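What follows is calculated from the coordinates using simple rules that are stated; it is not laboratory data. Source: prediction; values computed, not measured. Here the Cβ is made from the backbone with ideal geometry for all residues, glycine too, and neighbour counts use every protein chain on show.
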Amino acid sequence: MDLVPTPSQTAGPYFHLGMTDTRSVKCIADPQTKGERVWLACRVIDGDGVPVPDAMIEIWQANAEGKYNHPDDTQGDDTTGDDTQGKTIDSPWFGFGRMPTLEDGSCEFETIKPGRVPGPRNALQAPHLNVAIFARGMLKQLYTRMYFAGDPANSEDAVLALVPQERRESLLAQPVVSHPGHWRFDIHLQGERETVFFDV
Amino acid sequence: MGHLTNERSLAQYHRTPPGSQPPSLYEPYRATIRRSPTQPLTVLPHTLSEITGPVYGHEKIGETDNDLTRQHSGEPLGERIIVSGRVLDDNGRPVPHALIEVWQANATGRYRHKNDQHPAPLDPNFTGAGRTLTDENGSYRFVSIKPGAYPWFNHYNAWRPAHIHFSIFGRAFLTRLVTQMYFPGDPLFAFDPVFQSIPDDKARQRLISKFDLETTQPQWALGFRFDIILRGRDATPFED
């Protein structure tokens, strides 16, 4: 490391102009994409319990097979017979979404549930979305992950295991019982129910 | 090594040096007080989830996306500027195909945004948003006008120094950077808590572009250089 990375500065209150007015991405997976459909409603809430109406959420995720559309994800590129053989990217898959929050602090995404991707010591991670939050009042983005409550793989996930039991709940999206395929994920920036954020 | 062929050992990205990035909580910037976590962050090992990210090599950039002075029928008012620079990683290697998005106020210090109530005129010939991609050498360039300073409500008589917002997608989700580029010699630096939030003075200075006679075009526009450094990777894969 020879150079020092450029400091972050807040996205400010007018980021819509450059990032979401014409370049928001609600639909991460279109109806043709393979996988279990997920309709996701996120909310961002501040330390006073007040919805944050000027945040932006970015999501980065793997496809249903657990592969990222990225040159450094080499799963399935070789035929050495490991358990990643056959993982492919279906062509329209990109895996990125971003939306600004509305007055009530909410934003929505349409996607598919990602597959399991390898993690530390090559153990498979539980299905998760990688989430970054930007806003006025945030000098740098916060990173978190969204897992799916009730997924049996959560109990063996190496990243969830780093988080104290009593705070793991904050990383779990909850299913909307009346609407199959719909999930809710609240992000609390601080307070009693503060979401676990990661130093990546 | 044989048994390692199926192991996916990933080169870890460098962490940033202490003081080189702003903290989440910086009380003089009041909006951080209720929007910053109070619990320590959980340090993540870098897995495929962190080291991958949206790569924009094949994006189409529209003809006027990188020229904010040509997006309307007439020309915007203000000092015409050419902003150029390189996006490098912290090992000094160019980051090609990085998507850069910019947005800014017009010459009077007013954003074309419904929440901007600053009583300064909008310019019908200026939107204030653009984007471009870095080339093979990590170089980028766009044309705009110099934004004005503008008042905000953080404290009594608070004014932001003139700046252009930058959003950069590098190679990984963890190298994602949103920042602001400032102009040399701005008298407002000392009073701006957003700029002052970066503890290390040297790191802070890196957000100030440099006037550049080389890229200044005679009889046409002033040139400013702004290089952007993103986090880079260790030379050798981390065997975990």
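Quick notes on this one:
- Wholly within region B:80-144, strands (runs of 3 or more DSSP E) carrying at least 2 residues that are among the basic types (Lys, Arg): B:80-89
- Per-region count, region B:80-106, residues farther than 23 Å from B:His163 by Cβ, more than 7 Å from chain A (Cβ to nearest Cβ) and surrounded by fewer than 23 Cβ atoms within 10 Å (Cβ to Cβ): 4
- Checking each residue in region B:9-43 for being among the aliphatic types (A, V, I, L, M), over 24 Å from A:Gly76 (Cβ atoms) and surrounded by fewer than 20 Cβ atoms within 10 Å (Cβ to Cβ) picks out B:Leu25, B:Ile33, B:Leu41, B:Val43.
- Note on region A:89-200: enclosed strands (runs of 3 or more DSSP E) holding 3 or more residues that are without any contact (Cβ under 8 Å) to a residue 60 or more places away in the chain and either among the hydroxyl-bearing types (Ser, Thr, Tyr) or in contact with an Asp or Glu (Cβ under 9 Å, 6 or more places away or on another chain) (or both) are A:142-148.
- On the stretch given as region B:188-220, residues that are more than 7 Å from every other protein chain (Cβ to nearest Cβ), of a type in the set (S, T, N, Q) and either buried (at least 21 other Cβ atoms within 10 Å of the Cβ) or touching a strand residue (DSSP E or B) at 6+ places or on another chain (Cβ under 8 Å) (or both) total 4.
- Filtering B:Gly223, B:Gly232, B:Gly185 for residues that are in contact with a Gly (Cβ under 9 Å, 6 or more places away or on another chain) and either surrounded by 23 or more Cβ atoms within 10 Å (Cβ to Cβ) or more than 9 Å from every other protein chain (Cβ to nearest Cβ) (or both) leaves a single hit, B:Gly232.
- The criterion of being touching a Cys at 6+ places or on another chain (Cβ under 9 Å), in contact (Cβ under 8 Å) with a residue 24 or more places away in the chain, more than 8 Å from chain B (Cβ to nearest Cβ) and buried (at least 23 other Cβ atoms within 10 Å of the Cβ) holds for A:Ala55.
- Test for A:Leu171: is it more than 30 Å from A:Leu17 (Cβ to Cβ) and under 17 Å from the mean Cα position of the chain (by Cα): yes
- Put simply, of A:Gly18, A:Gly12 the only residue that is facing chain B (nearest Cβ under 7 Å), small (Gly, Ala, Ser) and either closer than 24 Å to B:Thr38 by Cα or surrounded by fewer than 16 Cβ atoms within 10 Å (Cβ to Cβ) (or both) is A:Gly12.
- Qualifying positions in region A:21-33 - of a type outside the set (Val, Ile, Thr) and surrounded by fewer than 23 Cβ atoms within 10 Å (Cβ to Cβ): A:Asp21, A:Arg23, A:Ser24, A:Lys26, A:Cys27, A:Asp30, A:Pro31, A:Gln32
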